[in-house]
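Read-outs: derived from the displayed coordinates by stated rules, not from any lab. A quick note: this is a predicted structure, and the numbers were derived from the prediction, not measured. Counting neighbours? That spans all protein chains shown, and the Cβs are built from the backbone with ideal geometry, glycine included.
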Amino acid sequence: MGPRVVAGTGNPALAAAVTAALGCEPVPCEPRRSPDGEREPVVGPVRGGDVYVVQPTGPPVGEHLVELLLLVDACRRAGAARITAVVPYFGYARQDRRSRPGAPVGARVALDALVSAGAQRLVVVDPHTVGLEATSGVPVEMPTAVPVLAAALRPALPAGAVVVAPDLGAVKLAERYASSLGGPVAVVRKQRVSAEEVRAGELVGDVAGRAAVVVDDMISTGATVEAAVRVLAGRGALGGITVAATHALLVGDAGARLAAAGVRRLVVADTLPAPAAPGVALERCSVAGVLADAIGRLHRDEELGDPAGRP
Ligand code: R5P
């Protein structure tokens, strides 16, 4: 028997593309909901199966996380032999430590809940931190969208373009892009003022007269990229900045915010449903092949390569 794919409602189009790439039919799943809002997803037969529950936990994060937990629990109670949670975008990953006294560690809570529901391992695309596995009691495989996004960026990127990390946390990611695209790396120092506002500090690297591509694992409000783009403009980078990110949440008016800052091209993966980005040329690249490859390998008990997702 091949892998059995169960899809939540977090990104049905991606789940369908993954099952198509695997050449299998999804397990029927009825996304029931009570009149009071409780979810009660009902899965079809999975007894004895090697089950992969595909569900990103993007906005509304709590809703999608609870649905994922319930799907995993339903598969366990229905007799699945092995359950892997395939979470293309893992919400709460940024809460990998207490951000201030009195704050929770949301990543730990979400992971513990998943394991307690019955998940025996996880697959997460480009998590906010590769330290996610250290927070988890089960293996976390981390395939990456970088080769897919870099391939989309490459044809239209001027020679000598500089790859820019918009904060220190994105340096490793920027190095991955740079090794695939060629070109130097620059880094912007960032200080977060609030959930929707960041202050960009100095820039390390030379961007004057160069095209720039800003890379990040995720774009939420757009504040981080906006601040980096303004620093680049002030340092003489060529206009019409390109941005690449794996997870495009683009909450609120993030798309318009990026356009106003001078972002012209936005290349993202399809880990989440298509966001709105008025004024920006948005290109979505599918990670269905990446996830199907990961699921196929896990099903055959093969290695995925570097667990930290380095290409
Ligand atoms: C933070 O360290 C992340 O890597 C992203 O830079 C951040 O979460 C993006 O959020 P926003 O778009 O709201 O600035």
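Among the residues of region 1-50, those that are hydroxyl-bearing (Ser, Thr, Tyr) and either surrounded by 14 or more Cβ atoms within 10 Å (Cβ to Cβ) or in contact (Cβ under 8 Å) with a residue 40 or more places away in the chain (or both) comprise THR9, THR19.
I want to confirm something. Restricting to region 184-207 and keeping residues that are of a type in the set (Val, Ile, Thr) and within 14 Å of the ligand (Cβ to nearest atom), which single residue is farthest from the chain's Cα centre (by Cα)? Result: VAL193.
Listed here are the residues, each with its yes/no results for (1) out of contact with any helix residue (DSSP H, G or I) (no Cβ under 9 Å at 6 or more places or on another chain); (2) on the phi > 0 side of the Ramachandran plot; (3) away from the ligand (no atom under 16 Å from the Cβ).
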{"site": "VAL72", "(1), (2), (3)": "no, no, yes"}
{"site": "ILE83", "(1), (2), (3)": "no, no, yes"}
{"site": "PRO127", "(1), (2), (3)": "no, no, no"}
{"site": "GLU141", "(1), (2), (3)": "no, no, yes"}
{"site": "ALA145", "(1), (2), (3)": "no, no, no"}
{"site": "ALA150", "(1), (2), (3)": "no, no, yes"}
{"site": "PRO155", "(1), (2), (3)": "yes, no, yes"}
{"site": "GLY160", "(1), (2), (3)": "yes, yes, yes"}
{"site": "VAL163", "(1), (2), (3)": "no, no, no"}
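If I filter region 26-34 for residues that are more than 22 Å from LEU291 (Cα to Cα), hydrophobic (A, V, I, L, M, F, W, C) and either in contact with a Lys or Arg (Cβ under 8 Å, 6 or more places away or on another chain) or in a helix (DSSP H, G or I) (or both), do I get at least one hit? No, because not a single residue in region 26-34 is more than 22 Å from LEU291 (Cα to Cα), hydrophobic (A, V, I, L, M, F, W, C) and either in contact with a Lys or Arg (Cβ under 8 Å, 6 or more places away or on another chain) or in a helix (DSSP H, G or I) (or both). In region 85-108, the residues that are of a type in the set (Lys, Arg) reach residues that are assigned to a loop (DSSP other than H, G, I, E, B) and within 13 Å of the ligand (Cβ to nearest atom) with C-beta atoms within less than 6 angstrom, at least six apart or across chains, in these pairs: ARG94/HIS128. Of all residues in region 208-229, none are without any contact (Cβ under 8 Å) to a residue 24 or more places away in the chain, under 22 Å from the mean Cα position of the chain (by Cα) and more than 13 Å from the ligand (Cβ to nearest atom).
Only one residue in ALA178, ALA174, ALA170 is of a type in the set (Gly, Ala, Ser), assigned to a helix (DSSP H, G or I), closer than 15 Å to VAL207 by Cβ and within 16 Å of the ligand (Cβ to nearest atom). Which one? After applying the criteria, what remains is ALA174. When ALA85 is tested against (1) closer than 23 Å to ILE219 by Cβ; (2) out of contact with any Gly (no Cβ under 8 Å at 6 or more places or on another chain), exactly one condition is not met: (1).
When SER136 is tested against (1) farther than 16 Å from VAL263 by Cβ; (2) crowded, with 19+ Cβ neighbours inside 10 Å; (3) of a type outside the set (D, E, K, R); (4) within 15 Å of the ligand (Cβ to nearest atom), exactly one condition is not met: (4). Note on region 152-166: among residues that are in a helix (DSSP H, G or I) and free of Cβ contacts under 8 Å to residues at least 60 places away in the same chain, the one that is nearest to LEU181 (Cα to Cα) is ARG154.
Screening region 192-311 for strands (runs of 3 or more DSSP E) wholly inside it with 2 or more residues that are closer than 30 Å to VAL51 by Cβ and in contact with a strand residue (DSSP E or B) (Cβ under 9 Å, 6 or more places away or on another chain) returns the ranges 212-219, 241-248, 263-269, 281-285.
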